[in-house]
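Please read the structure below before turning to the comments.
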Amino acid sequence: MIKVFLFAHLQERAGRQEMTIDKGELTVKELKERLMEEYDLPLDGVMVAVNEQYSLEDEVISSGDVVALIPPVSGG
Amino acid sequence: MIKVFLFAHLQERAGRQEMTIDKGELTVKELKERLMEEYDLPLDGVMVAVNEQYSLEDEVISSGDVVALIPPVSGG
Amino acid sequence: MSDRYSRQILFKPIGEAGQGKIAEKHVVVIGAGALGSANAESLVRAGVGRLTIIDRDYVEMSNLHRQQLYTESDAVEGLPKAVAAKNRLEKIHSGVHITACVAEADAEWLSKHANDADLLLDCTDNFDIRFIINDISLKHHVPWIYGSCVGSTGMSYTILPGKTPCLNCLTGSFPMSGGTCDSSGIIAPAVQMVAAYQTTEALKLLVEDYDSLRSGLITFDLWGNQSFTMNVSKAKREDCPSCGENPVYPYLQFENRIKTTVLCGRDTVQIRSPHHTHSLHELEQNLEGLGDMKRNPYLLSFHYEPYRIVFFHDGRTFIHGTNDMNEAKKIYHRLIG
Amino acid sequence: MSDRYSRQILFKPIGEAGQGKIAEKHVVVIGAGALGSANAESLVRAGVGRLTIIDRDYVEMSNLHRQQLYTESDAVEGLPKAVAAKNRLEKIHSGVHITACVAEADAEWLSKHANDADLLLDCTDNFDIRFIINDISLKHHVPWIYGSCVGSTGMSYTILPGKTPCLNCLTGSFPMSGGTCDSSGIIAPAVQMVAAYQTTEALKLLVEDYDSLRSGLITFDLWGNQSFTMNVSKAKREDCPSCGENPVYPYLQFENRIKTTVLCGRDTVQIRSPHHTHSLHELEQNLEGLGDMKRNPYLLSFHYEPYRIVFFHDGRTFIHGTNDMNEAKKIYHRLIG
């Protein structure tokens, strides 16, 4: 089980602050693709932290990991 | 082993941000007394969080707990 | 005029309905120093209906690095902060009803204004007044928001009467503050950060979005890159003298008030705190940046130009160099918090 | 004059030495909107030696709820923000050398000013310019501090050339922003909080206390009571085109710039972004608060008074109702971020 926290407008888009993915292992890229499909989340350019560490697309996420999806916001 | 984090001026007074107490079990009151003696820390009115929970004087702290000492600051 | 708030109304938790509520509310801002400046400005810009601000002090050059409502000319003229604040706030927003009080916020004043207030916003610099605000808030069922800062650190906590633990629950005894802006210094961003927390909580209260209130006490250190939230759900005490089952509101009682006396012919004011004897050792350490201290078992004395200050172990303080009780109390709170 | 900074000097990580350094430094503040107002004011109050501030926009009523340097009369007069900012900053501190530029911050302007700057402070509202700032910072070895906010959220990150990962390392591709202040709204405390982080980082850089810099990217949601720090130590890419071993500074190259064309006789400006085609589905969701949208597979169109906006799938945008390229770009960035 992987815990995923959503930030900024992703929360509103998904209708929740967090979700759990019932999967043992997958890459950051696979996770993004899955969430884009299932929840119609816009994840291009969104930063991914696995256990609070910035992670590249090919990083492997394992059960028990905590993922944060952080979209860069733009206003100022 | 108990981990103790210090906030605000307690850091400067103790010369560090954190310390570990090599003890299995003691109450909040006992911890405060020990730190007042050993490090000359002013702990009257200082709030104590054990594992991020506000804790009363008679609360028991066990090995593995994380303690935060938070002095109310006054300026404004 | 609604264009003025268009970006605030677009924020869904406020919306048109929330904006309407903000415009009906009255906030009492206690203190017009650093936190008072920042909070009052944000609330006036947000379109609060009425804002009352009280302060006993006047603008000085050493305020300008962190007190955002004031300019050099306010300091040169030595305007009372409440007056200078009102001047600036009215230029920012002519539609908000702003009342400025040049006075000390004491139990009488607060009690008179609490019934008419939707929120008491703590922007003070000492615990004497915060414990009075706490009791007033509980007695009159008006929420208040504690905020404070020193150095690069600060904290904030929202007190909702009948719901959350109160300040008296949290500290148990009267806290001995570790340093004040006048002894340990302060950087402006620490002020802005506390004000950001306080103003957000204020907006939640004004739009009546109680579920979104921050329930814990938050504390941070900007220079040290730390932030910590303490869950306080276990802190509410049934026997708390301020918010427990049989509240006595101890800090509204005469014997628990700070006493100030002019010592005739000596150009000196004596201040007696009911809450604590002075730990002279503590005080010496907290104030070390201010110059040479003389300490013996009975007293600690030092020069704090143009005054000479003497703290006695028994809880009394002499401020030499003034006959003005308000001036003396101001200095006292600056040093002791 | 040193009394002016006495409380800041008492803060030990600054002290007399740090204050002296702050007074020798030059900060370029890019943008005089909400973040620009707050940061510029704090840095001027802190006693920075020179401050240059650039903005292409003018003050409007809808700015006042969050842009702290401006008053109603600035909005009524429609003063350029850079000018109104300078007016207020000089009243706050007559001793700081302030330069105001009413212009768009582009690669040429930034390149000209970077060599003379100790810090570039990002107070902009779009990623087009942020990627240019990023490349300029790396090419000229000047640190910059990213900051942004929308709704009750915000983030900040400090880029030190040669040390930290850069913006291009972090986002990989050009980010599609999820909402802007003009589509999702904004509350003032979110601005104050980002500015507090940015100003603190700025002060650390100015006093050369590099060890205290915040190494991660911090993001928060004030209404949702969240805060999160992402460690970025694994983010630096050797092949990054902006900060890698063979940098090409892609966003300084002509073909990667935004192109703006006036469509003669049609009262329309065309904007072509090099970075992304438009996801019309995305845009429709991000902009839903702004009214009726018409979408087909090729374009999304809607009224944004007094303009009509058409986003084409191929990355072009028409702003109908103006011949002014700067005005059109301003609207475009407000909507798309």
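How many of the residues making up region C:303-337 are of a type outside the set (Phe, Trp, Tyr) and either surrounded by fewer than 18 Cβ atoms within 10 Å (Cβ to Cβ) or part of a strand (DSSP E or B) (or both)? Qualifying residue count for the region: 19.
If the condition is being polar (S, T, N, Q), open to solvent by 50 Å² or more (accessible area, probe 1.4 Å) and part of a helix (DSSP H, G or I), then region D:106-131 contributes no residue at all. Could you list, in sequence order, the residues of region A:1-35 that are farther than 19 Å from D:Phe220 by Cα and modelled with pLDDT under 90? Across region A:1-35, the qualifying residues are A:Asp22, A:Lys23, A:Gly24. Pairing residues of region C:1-28 that are more than 13 Å from every other protein chain (Cβ to nearest Cβ) with residues that are assigned to a helix (DSSP H, G or I) and open to solvent by 10 Å² or more (accessible area, probe 1.4 Å), at Cβ distances under 8 Å and at least 6 apart in sequence or on separate chains, gives C:Val28/C:His113.
Does D:Phe174 satisfy the condition of being in contact (Cβ under 8 Å) with a residue 60 or more places away in the chain, surrounded by fewer than 24 Cβ atoms within 10 Å (Cβ to Cβ) and more than 29 Å from D:Lys12 (Cβ to Cβ)? Yes; evaluated as a whole, the condition is true for this residue. Within region C:234-256, restricting attention to residues that are over 19 Å from C:His141 (Cα atoms) and within 24 Å of the chain's Cα centre (by Cα), the residue that is surrounded by the most Cβ atoms within 10 Å (Cβ to Cβ) is C:Ala235. The residue list D:Ser273, D:Ser279 contains one member that is closer than 30 Å to A:Leu10 by Cα and open to solvent by less than 40 Å² (accessible area, probe 1.4 Å), which is D:Ser273. For region C:39-46, does any single residue satisfy the condition of being open to solvent by 30 Å² or more (accessible area, probe 1.4 Å) and in contact (Cβ under 8 Å) with a residue 12 or more places away in the chain? There is no residue in region C:39-46 that is open to solvent by 30 Å² or more (accessible area, probe 1.4 Å) and in contact (Cβ under 8 Å) with a residue 12 or more places away in the chain. Scanning region D:251-281 for residues that are touching a helix residue (DSSP H, G or I) at 6+ places or on another chain (Cβ under 6 Å) and not in a loop (DSSP other than H, G, I, E, B) yields D:Tyr251, D:Leu252, D:Asn256, D:Thr260, D:Val269, D:Ile271.
Rundown of residues vs (1) closer than 27 Å to D:Thr124 by Cβ; (2) under 10 Å from the mean Cα position of the chain (by Cα); (3) among the basic types (Lys, Arg); (4) crowded, with 21+ Cβ neighbours inside 10 Å, yes/no style:
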position: A:Gln17; (1), (2), (3), (4): no, no, no, no
position: A:Val28; (1), (2), (3), (4): no, yes, no, no
position: A:Glu38; (1), (2), (3), (4): no, no, no, no
position: A:Leu43; (1), (2), (3), (4): yes, yes, no, no
position: A:Gln53; (1), (2), (3), (4): no, no, no, no
position: A:Val60; (1), (2), (3), (4): no, no, no, no
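In region A:56-76, the residues that are within 11 Å of another protein chain (Cβ to nearest Cβ) and touching a residue at least 60 places away in the same chain (Cβ under 8 Å) form Cβ pairs under 6 Å with partners that are part of a loop (DSSP other than H, G, I, E, B) and of a type in the set (S, T, N, Q), at six or more places apart or across chains, as follows: A:Val66/A:Asn51. Tallying residues that are more than 7 Å from chain A (Cβ to nearest Cβ) and among the hydrophobic types (A, V, I, L, M, F, W, C) within region D:154-198 yields 13. Among the residues of region B:1-43, the ones that are of a type in the set (S, T, N, Q) and outside any strand (DSSP E or B) come to 2 in all. Pick from region D:210-220 the residues that are facing another protein chain (nearest Cβ under 7 Å) and not in a helix (DSSP H, G or I): which of them is surrounded by the fewest Cβ atoms within 10 Å (Cβ to Cβ)? Out of the qualifying residues, it is D:Arg214.
Could you go through region D:83-98 and let me know if any residue there is at pLDDT 95 or above and within 15 Å of the chain's Cα centre (by Cα). Looking for residues that are at pLDDT 95 or above and within 15 Å of the chain's Cα centre (by Cα), one finds none in region D:83-98, hence no.
The values are calculated or read from the model by the stated rules, or taken from the named source; none is laboratory data. Since this is a predicted model, take the numbers as computed values, not measurements. No Cβ is skipped: glycine too gets one built from the backbone with ideal geometry, and neighbour counts run over all protein chains shown. All accessible areas refer to the heavy atoms of the entire protein, side chains included, with ligands and DNA or RNA removed. Shrake-Rupley method; radii C 1.70, N 1.55, O 1.52, S 1.80 Å.
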